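Please read the structure below before turning to the comments.
The values are calculated or read from the model by the stated rules, or taken from the named source; none is laboratory data. Not measured: the values here are computed from a predicted model. Cβ: placed from backbone, ideal geometry, glycine included. Neighbour counts: every protein chain shown.
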Amino acid sequence: MLLEEIAGPADLRGLGPEDLTRLCVEIREELISAVSRTGGHLGPNLGVVELTVAMHRVFDSPRDAIIFDTGHQAYVHKMLTGRLGLFDTLRQQGGLSGYPSRRESEHDLIENSHASTGLSYALGFAVARELRGETGKVVCVVGDGALTGGMAYEALNNIGQLKPEMVIILNDNGRSYAPTVGGIAENLGHLRLSPRYEAAKDAAGTALRALPAVGHSAYETARRMKNSLKQLVAPISIFETLGLKYGGPIDGHDLQAVEKALRDAARIRGPVVVHVVTNKGQGYGPAVADKVDKFHGVSTFDPGSGTAVKKGTDWTDVFGAALCEAAEADERIVAITAAMASSTGLLEFAQRFPERFFDVGIAEQHAVTFAAGLAMRGLRPVVCIYSTFLQRAFDQVASDVALHRLPVTFVIDRAGITGPDGPSHHGMLDLAYLRCIPGMTISAPSSPDELRRLFATALASDGPFSLRLPRGPAPSKSTEPLEPVPVPSLVIHHRGRDLAIFAVGKMVAVAKQAQERLSAHGLSTTVVDARFIKPLAPELSAIAARHRAVLTVEDGVASGGFGSAVTELLTSDGVSVPIVRMGLPDQFIEHGAQAALLGQFGLDADGIAAAALALLPATEVLAG
C-alpha cells in the first residue's frame, strides 16, 4: 500500500499525479476502516484528504507551522506525519488522540479542539516569528463553521491590522457540525454557488485566451481585467474588507488546483485567504447521504453499510423527550444551541417547534446573552451546550443572565468524564465555575426520573438554573411526570450509622454499589443523593453529625466543587466530622474509556469502598 510508504511529508513531494490519486483513495479507505473500529470524526477528515495532501506538498512542516481550527479535521495530517501505524489506538487510553497533540508529534503545534481559536494561535505564531527573525510560513486551516464564532473575527481584525506572513485556508463545506448557519455562511454560499460568478470566470478565461502572448505587461493587464470582471458579479469578500488578500473559491477535491493555489499563496507577502470548497464525507456514500451531520462524529459502525452499532437510550435522549413534552404544554419555552443540535438532544424539538428553535452557530457567548434577551421579554429559554463549551461563556452566564436573575435553564451536556475525546472535552470544571456565580442553582440528576423532576424544577424557577447531564446510556427508562421538587432537597437511598456518603449525579449509583461492598466489611453506610450542588440542602449537616465520617463523591474537579460546598456547609454549621472529598484531580485528564478513567481516580465502587475503609477501618467500626 502506497500510504504505508509515507513516513513523513517529504515522501509526498516526489509523487506523480497517478500516485497522488491512488494515495487519496487509500487514505479514505484507511479512515473509514479505522474510525469504524474506534469511533471518531469521520466526515470532516474525508472532506480534507486532497487539501491535506496538497498542504504537506507545498509547505514544509514543522518549519512551516500548520495549525488546525478545529483539530477534528487533523486525522489525515496525522497519517502523513508518521502516525499511520497507531490508528488502531485512535481515541483509546494511551493511544492516538482524536485531536492534534503536542506530545505525539513535532507536527502538532497546539492541543486545539475548541473552535474559532486557530486564527488567534496562528497570529501569535506569525508575530513571534517576525520578532525573532525566523523564517517559514504560518498556515491556519479554518472551517466555515469556525467563522460563526466571534473570536475568529477578533483575530481576523487583528490580522488585517498587523498583516503578518500567514496563509489562511478556509475549508468551506457549508457545515460546522451540522449545516453552517448565519451571515458568513450565506456570504460564502453566494460565492460557492452563484452562476453569475462562474459565468464571469468563464468569460474572463475566454477573454484571456484571446489575447496575444506579448509579455509580462499584457499578462498584468489580463489579470486586472479578470479581477474586474469578477468584481462586477461577486461582492468584495469580508476578508478583503479586513485587509486580507483573497483567492477562490477552489474545488477542494481537485488536488492539482488546490496545490497550485497554495503555491501561489505562499509567494504572496502578508496574509492571504485561500477559499477551498469541500464536501464533508467525500468518497463515502453513507456520509455523503447523511443530511444531518455528514458522519461528523461517530461511534463504532459497519463500514459497509454505515450502520452504527446499536445503542440504547442515553441521557441526552431522555432530556430531549422531556423538553418536547414541556414545550407542548408551555409555548414560552424556546431552545438554543451552539451548532450542536443533534448531540444535545434538540433534533425532535427543532422538527416539532421550528419557530422556537435557534442554532446560533459556534457562538456560545452569543447564545447565552441571546437567551438573556429572550428571558427579559417573558420567554423561558433552555440553553443546551456541552460542559466544556459553556465555560467559554462564563462572563455571559454571570453578568448577562445571573446578574439580572433571569430564568434561563442551562442544560449542560457531556458533564464529567466524557471519554475518548480527551482533556479538552471532559466536562470536569462546570461545578466549580458555576458554584461561584451568585444566584445560580446547580442540579445533577442521578436517574432519568430525577432528570425529569429537576428539569421541571428548572422551568418553574425564577432565576438561572443549571441541569448537569453525563454522557452515555441512561440506566433506566423515565416514567415520572414533569413535576418540580423543592429547592433545595435531597433523597436518602440507604440509612446507616457509621459512614455517610453524599453523592451527586451519576455518582449516586456508584455510591450505592459501594455501600453494598462496605456492608460486607461490617460498615453501616448512609447514601444520600444531594440533588443540588447549590444551594445545598441544610439537612446534610444533621445527617453528617449522626455519623463517624463523611465521604463526598462527584465526577468534577474536587477543588471548588460539590465536596468543597459540603465542607463549607459543615464548617458553617459547626459540624466537626472527618470528611474526605472524592473527585477528579487538579490536572487535565487524557482520553480513554469513561469507566477506566473514573476507576483510575477511585471514582468507582471499589475505589469509594477503599476510601471509606481507609477513613473508617473495619476494626475501628467493629470496636465502636
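Summary of computed values
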read-out: Residues located in the range 93-102, provided they are surrounded by fewer than 18 Cβ atoms within 10 Å (Cβ to Cβ) and closer than 23 Å to Gly599 by Cβ; value: Gln93, Gly94
read-out: Matching option when the condition is at pLDDT 95 or above and closer than 14 Å to Ala530 by Cβ, among Ala500, Ala458; value: Ala500
read-out: Cβ-Cβ under 9 Å pairs, at least 6 apart or on other chains, the range 118-131 side assigned by TED's automatic domain parsing to the domain that holds Ile168, far side surrounded by fewer than 19 Cβ atoms within 10 Å (Cβ to Cβ) and acidic (Asp, Glu); value: Leu119/Glu154; Ser120/Glu154; Ala126/Glu165; Ala128/Glu134; Arg129/Glu165; Glu130/Glu165
read-out: Residue satisfying condition, being at pLDDT below 95, on the phi < 0 side of the Ramachandran plot and not assigned by TED's automatic domain parsing to the domain that holds Thr441, within set Ala593, Ala558, Ala545, Ala611; value: Ala593
read-out: Only listed residue being outside the structural domain of His253 (by TED's automatic domain parsing) and within 18 Å of the chain's Cα centre (by Cα), chosen from Ser342, Ser305; value: Ser342
read-out: Filter pass, Thr278 being surrounded by fewer than 18 Cβ atoms within 10 Å (Cβ to Cβ) and of a type in the set (S, T, N, Q); value: no
